[in-house]
Amino acid sequence: MIDSETLTGRWDSSYHAPVMVEEVVELFKGSSNVLDCTLGGGGHTEALLVAGASVVAIDRDEAAITEARKRLASYETSGRFRALRGNFGEIDNSPELEEARFDGILADLGVSSHQIDADDRGFSFRPGALLDMRMDRRGTGTAADLLNTLDEADLSHIFHDYGDEPRAGRLAREIVRRRQRKAMHVSDDLVDAIRGAYGARTGPGDFARLFQAVRIAVNDEIGVLERALPLLRDRLVPGGLLAIISYHSGEDRLVKHAMREWSLDCVCAPKQLTCTCRGKALGELVTKRGLKATDIERTKNPRSRSARLRAWRKAA
């Protein structure tokens, strides 16, 4: 096992502090051709390159690709690293990856530290931050657009399903009421609506959870993951490993259920007398339960506290 003191913090940059790098490197030990679906600041990619793998990485965010290419320039020059702009949920539409197969695929579903810290990206609830939240700025539909146009039922669905908010309807009504007087434009507008709905005692934990819900909706993160899972599974060579780090209960639930279903010999209805499905497992679980960041890492990087890492290996 690689020493945690060696890896914890070693791969951090001013752009992002990647989580669970030690665990990722250990899982991909022996992999030679890895797809990093969420390049971010390049921390996971660099660790895998140092471990000996060649890496193709994709990301929606042009700024992330620019920063990572600077960091990993020597590996790009040597031909061991390549960065592509794109959405891992649309991997089959990428001409550069048309025939590509990998013995390792990684997806870290979190938002980079830089994205959260940059006020012009709109992921933060710091005062004055724009309500944008688009991971890919080529896309339309900012957080402000969503909050100003969706009806009460749709807003309630976002806060309930993506924010685990039991009083989602109250917040949805408050937003609709407020936007009739003034359109929502900056983080303060949503923070004030949250306080208006739930009282002045609401704090950073509530804001973070509900802003995250809006971000998930803006970027269709649950839908992207749902579409991506079978695509990524099918891009693995026999014996290849898929590892996914999630930060939201809905994401983790999707990953857990998919990997468990792929690991079953039979997926027919329980009362069905004769098996008519595939009749054999597509692979096996590598992590029986989601792995969590170590106490050392959670102390050093609070954003790792909600991280869950699950891995699955395709049948040989």
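Lysine pair count for the chain with Cα-Cα distance under 21 Å and sequence separation of 8 or more or different chains is 12.
Whole-Hz Karplus values for the stretch 156-170 come out as 4, 4, 4, 6, 6, 7, 9, x, 6, 9, x, 10, 4, x, 5 Hz, taken residue by residue from phi with 6.51 cos²θ - 1.76 cosθ + 1.60 and θ = phi - 60°; glycine and proline positions read x. Distant-in-sequence amide contacts of Ser54, defined by a placed amide H-H separation under 5 Å and a gap of 5 or more residues or a different chain, comprise Asn33, Val34. Say we join alpha carbon atoms closer than 10 Å with springs in a Gaussian network model of the chain; which of His157, His257, His185 then has the biggest fluctuation? Judging by the Gaussian network model, the answer is His257.
Solvent-accessible area of the chain (1.4 angstrom probe, protein heavy atoms only): carbon and sulfur portion equals 49 percent.
Beta bridges from DSSP with both residues in the chain: antiparallel share about 40 percent, rounded to the nearest 5.
Could you check which residue among Asp295, Asp206, Asp92 shows the biggest mean-square fluctuation in a GNM of the chain with a 10 Å Cα cutoff? With Cα springs under 10 Å in the chain, the top fluctuation among Asp295, Asp206, Asp92 is at Asp295.
Remark: the stretch 192-208, residue by residue, has Karplus-estimated 3J(HN,Hα) of 5, 5, 4, 5, x, 7, 10, x, 5, 7, 5, x, x, x, 5, 4, 4 Hz, where x stands for each Gly or Pro and the curve is 6.51 cos²θ - 1.76 cosθ + 1.60 at θ = phi - 60°. For the stretch 138-150, backbone phi angles converted through the Karplus equation (6.51, -1.76, 1.60; θ = phi - 60°) give residue-by-residue couplings of 6, x, 9, x, 7, 4, 4, 4, 4, 5, 8, 10, 5 Hz, Gly and Pro being listed as x. The listed peptides 25-32, 280-287, 176-183, ordered by packing as a protection proxy, come out as 25-32, 280-287, 176-183 (highest mean of other Cβ atoms within 10 Å first). Counting only protein heavy atoms and a 1.4 Å probe, the chain has 47 square angstrom of accessible area per residue. State whether the stretch 133-246 is rounded, prolate or oblate according to the following rule on the C-alpha gyration tensor (a ≥ b ≥ c being the square roots of its eigenvalues): a/c under 1.5 gives rounded; otherwise a/b larger than b/c gives prolate, and the remaining case gives oblate. Judged from the Cα gyration tensor, the stretch 133-246 comes out prolate (a/c at least 1.5, a/b above b/c).
The values are calculated or read from the model by the stated rules, or taken from the named source; none is laboratory data. Quick caveat: nothing in here was measured; it's all calculated off a predicted structure. A quick note on method: Cβ atoms are made from the backbone with ideal geometry, for glycine too, and the neighbour counts reach across all protein chains shown. Calculation scope for accessible area: heavy atoms of the full protein, side chains included, ligands and nucleic acids excluded. Shrake-Rupley method; radii C 1.70, N 1.55, O 1.52, S 1.80 Å.
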